[in-house]
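Peer 1: I'd like to ask some things about the structure below.
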Amino acid sequence: MPTSSINLSDQPGLSTLAKLVAAMHQASPDVRPLLVGAMARDLLLSFAHGIRIARATQDMDFAFALDSWEGFARMRGELLVSGDFADDPRGVAHRLIFAQNYRVDLIPFGGMEQEDRTIAWPPDHDVVMQVVGFREAMTKAVQIQLQDDVIVDVASLPAQAVLKLFAWRDRRAGRVGVDAGDLRLLLRHYLDAGNQERLYTDADHLLTMENYDYHRASAWLIGHDARQLLHEADDSGAMAIGALLQMFENEIDPDGQLTLVVDMRSGDADADLALLTAFEAGLRDAALP
């Protein structure tokens, strides 16, 4: 999967993000923030490639590789002391407010992870969050240049697809249609996001198929790149691939409940099932069925 850098410094709509990232770097210079979530999606699809997104966002989600919960508390304290960030009025421990209006979620991973790649939030450790994919996303982040020479690392689209799948699995009851809809967007438009030429190089076999379909080819390629992203990681990458393939066993069987297809809410279940089947084939490094 190719890594890249993208210059979006001429985009006035990203001025707040640039100020936020600059404030993070100044307050806690030893910590490297990784932009994930909906804003990462918007940057790589809408701002970079002009792909229309119906549900834009002002929320910012950042992941941080840290050694311990003490390190997370120290970083959070540095952000608050800077004066650019404030506590969330509802008391959400992992959320800060920037410029009075922007919610900023802070997601730590690394030293506080448990063996199953989850984190359990202190002090009670009863809120558990899956962080599979964040470590891998950091290793292949896309560097985005914003205004005033601010650089932000952004989770690549294959990494976002992996994160979306685990997020859908863990929180679908409270976010019906959100994560699944985002995943559908990534699968359908991966070729449009600077990967069309790769149809003639990395995936030329797709063009010669009798039942060639552009969107299915897009889904296969992002699945292929997600496999490469995870495969190049340590043993945890193999675990993540296995967990995803196990998830798909229940989601691409035409006789099954097809919960993920239902949650995509596109009105075309057959097309969405074809997308998921193509992604799963790419993730297995298999031919497009």
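Peer 1: Using Cα centres only, tell me the gap between segment 22-63 and segment 197-274 in whole Å.
Peer 2: A separation of 24 Å, based on Cα centres.
Peer 1: For Ala86 and Val262, calculate 0.36 nm times their separation in residues minus their Cα-Cα distance, and state this gained length in nm to one decimal.
Peer 2: Going from the current span to full extension adds 59.5 nm.
Peer 1: Ignoring ligands, DNA and RNA, what percent of the 1.4 Å accessible area of segment 78-143 is carbon and sulfur?
Peer 2: Of the solvent-accessible surface of segment 78-143, carbon and sulfur hold 48 percent.
Peer 1: Here is a follow-up. Taking the Cα atoms only, what angle lies between the long axis of helix 178-189 and the longest principal axis of the chain, rounded to 10 degrees?
Peer 2: Result, in degrees: 60.
Peer 1: Follow-up question, since we're still on this one. Computed on alpha carbon atoms, what radius of gyration and Dmax characterise segment 1-145, expressed in Å?
Peer 2: Spelled out, the Cα radius of gyration and Dmax of segment 1-145 are 15.4, 45 Å.
Peer 1: Between Glu210 and Arg52, what is the spin-label point distance in nm, taking each point 7 Å from the Cα along the Cα→C-beta axis?
Peer 2: Modelled inter-label distance: 3.5 nm.
Peer 1: Accessible area per residue of the chain at 1.4 Å probe, in Å²?
Peer 2: 46 Å²
Peer 1: Something else: Mind listing the phi-derived Karplus ³J(HN,Hα) values for segment 109-122, rounded to whole Hz, using 6.51, -1.76 and 1.60 with θ = phi - 60°, and x for any glycine or proline?
Peer 2: Karplus-based 3J(HN,Hα) across segment 109-122 equals 8, x, x, 8, 5, 8, 4, 8, 6, 10, 10, 10, 5, x Hz.
Peer 1: Determine the calculated [θ] at 222 nm for the chain from helices alone, applying -39500 (n - 2.57) to every DSSP H run no shorter than 4 residues and normalising by the residue count; nearest 500 deg cm²/dmol.
Peer 2: So the calculated ellipticity at 222 nm is -13000 deg cm²/dmol.
Peer 1: What residues have an amide H closer than 5 Å to that of Ile6, excluding those fewer than 5 places away on the same chain, when H is modeled at 1.01 Å from N in the peptide plane?
Peer 2: Gln143, Ile144, Gln145
Peer 1: Taking the Cα centre of the chain as origin, work out the dipole magnitude from +1 charges on Lys and Arg Cβ and -1 charges on Asp and Glu Cβ, in debye rounded to 20.
Peer 2: Taking the Cα centre of the chain as origin, the dipole is about 680 debye.
Peer 1: Return the tail of the calculated pair distribution for segment 180-238, meaning the percent of Cα-Cα pairs more than 15 Å apart.
Peer 2: Within segment 180-238, distances greater than 15 Å cover 53 percent of Cα pairs.
Peer 1: Which label belongs to the value computed from this structure, given these candidates for Cα extents along the principal axes in Å: (i) 52, 49, 38; (ii) 76, 68, 36; (iii) 61, 44, 36?
Peer 2: So the calculated entry is the one marked (iii).
The values are calculated or read from the model by the stated rules, or taken from the named source; none is laboratory data. Computed from a predicted structure; not experimentally measured. A quick note on method: Cβ atoms are made from the backbone with ideal geometry, for glycine too, and the neighbour counts reach across all protein chains shown. Only protein heavy atoms, including side chains, enter the accessible area calculation; ligands, DNA and RNA are left aside. Shrake-Rupley method; radii C 1.70, N 1.55, O 1.52, S 1.80 Å.
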